[in-house]
Amino acid sequence: MTSLMDPRTPTIVQPRRSQDRALPLIDAPVAGQRDLRPGLSGLSSDALRDWFSQRGEPSYRARQLVDQLWSGRAVSFAEMRTLPAGVRAALDAEFRLDTVADTAVRPADEGLTEKALHILDDGRTIESVLMRYPARGLRRERATICISSQAGCAVGCPFCATGELGFWRDLSTAEIVDQVRFWSRRLAADGRRVTNVVFMGMGEPLLNAETVLEAAAALSDPQRFGLGARHITISTSGVLPGIERLSALAPQYTLAVSLHAARAGLRDVLVPLNRRWPAEEVVEAATRYADATGRRVTYEYVMIAGINDTPDDAAQTAALLRGRLAHVNLIPMNPVAHTPWQPSDAGRIEAFAGVLRAVGLHTTVRRNRGIEIGAACGQLAAELAAQPTPAAVARRREILVERSAAALRDAPAQARATAVPDATAAVISR
Ligand code: SAH
Ligand code: SF4
């Protein structure tokens, strides 16, 4: 079988239907069978301490549990031998130790990348990915985990497998951090550890901002997961209020903005949220984040052959970002079946990078590792969805070609409005 991570292997995905969301549902439990116990890892340290004190247990028990929860390898309360049996039974009655317990893992990229498909208790599926970067020179080995923040996504970027699946629901704090705990346990078995976490899996993190911030706080809390805030990246397609919220809090997280086009007409098609929050405003807000935190903002730019990779696109992107505390990451598009689009070739990407570098913008080209995005962006979940008919895929491709052609001609705003997928329209009008 061809590797899932092979960017040249298009994944067939279900076409968008407004009423009937296409997210795969695996043996969804019927009402009454769902496990309604909250995930323990979603609780704050204070809440855990209160739980113990209400039971008259000494406070060091809370500490023992936190250690087990965040650094231990136990996969059931029964294995937490440092806690008395009565406490373990009480915890088990009230909480789930793991909200992503039902997980299948597939290796790729010669073992350097592993992709997990987590089945949630309501039968919805989400993905997370481990990318290992071996030590090089003075640089220590890194293990980056790419995690999902929502099941599906309402933004509907047409080149993204998750966008094509549509939106199902927000993840809870526990469902987000449990993806990291899953990989942490797996790496620990090998004497390794998680060094970076990126919110670049399924979903738009800043449309689930409250929960994503709670999850990031848990991951960066020295009492809990203890990852340095600078090792956490939150990627957004440009949810302006969310970026402003981050600026007000000014954490040390890396902010990544998915730009993909500087031209309004084209960005309206590639990132439909642009109709609500245009690129210029998003970049201004991201710059305020850079000012508030002193942290360089990463701009992601998916390179799509003949769509957004022209010299003019490069010049407009350079003009938009010039002089800002920015790093531009050019990413060859990972092909997905519902689009006719292909990644730009290496020459185009280098020429584009050259224009940006010429105005002093720090620019890198991301080796397409299957994830660093695309693979984490719903392609595995999409594979499990029912296969669309070839006719449906062909029709979807035709629509995209028409829309992108209109955008490339800088079609009037009214024509562009048709480029907004159903679920996105709801987000835009929120
Ligand atoms: N919703 C957020 C975070 C998840 S997507 C966002 O859009 O930023 C993470 C990154 O993967 C984004 O930059 C997104 O544009 C990119 N991506 C999605 N599908 C892709 C594909 N087929 N090829 C390359 N990059 C893709
Ligand atoms: Fe959603 Fe990000 Fe995919 Fe766009 S690229 S559809 S915002 S997950």
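The values are calculated or read from the model by the stated rules, or taken from the named source; none is laboratory data. Predicted, not measured: the structure shown is a model, and the values here were computed from it. Virtual Cβ from ideal backbone geometry, glycine too; neighbours counted across all protein chains shown.
Details
- Criterion (in contact (Cβ under 8 Å) with a residue 24 or more places away in the chain and farther than 18 Å from Ser172 by Cβ) met by exactly one of Glu141, Glu94, Glu79, Glu110: Glu141
- Some residue of the range 301-312 being within 16 Å of ligand 1 (Cβ to nearest atom) and either in contact with a Cys (Cβ under 7 Å, 6 or more places away or on another chain) or of a type in the set (Lys, Arg) (or both): no
- Among residues of the range 125-145, those that are crowded, with 23+ Cβ neighbours inside 10 Å and touching a Pro at 6+ places or on another chain (Cβ under 8 Å), counted: 1
Table: residues versus (1) assigned by TED's automatic domain parsing to the domain that holds Ala305; (2) of a type in the set (S, T, N, Q); (3) within 13 Å of ligand 2 (Cβ to nearest atom).
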| site | (1), (2), (3) |
| --- | --- |
| Val105 | no, no, no |
| Glu110 | no, no, no |
| Glu114 | no, no, no |
| Thr144 | yes, yes, no |
| Gln150 | yes, yes, yes |
| Cys157 | yes, no, yes |
| Val177 | yes, no, no |
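- Pick from the range 186-227, criterion outside any loop (DSSP other than H, G, I, E, B) and polar (S, T, N, Q), ranking: farthest from the chain's Cα centre (by Cα): Ser220
- Exclusive hit being out of contact with any Lys or Arg (no Cβ under 7 Å at 6 or more places or on another chain), of a type outside the set (Phe, Trp, Tyr) and away from ligand 1 (no atom under 16 Å from the Cβ), set Gly238, Gly242, Gly203, Gly228: Gly228
- Residue in the range 257-272 that is under 19 Å from the mean Cα position of the chain (by Cα) and among the charged types (D, E, K, R) present: no
- For the range 196-210, a residue qualifies if it is within 16 Å of ligand 2 (Cβ to nearest atom) and polar (S, T, N, Q), and exactly one does: Asn208.
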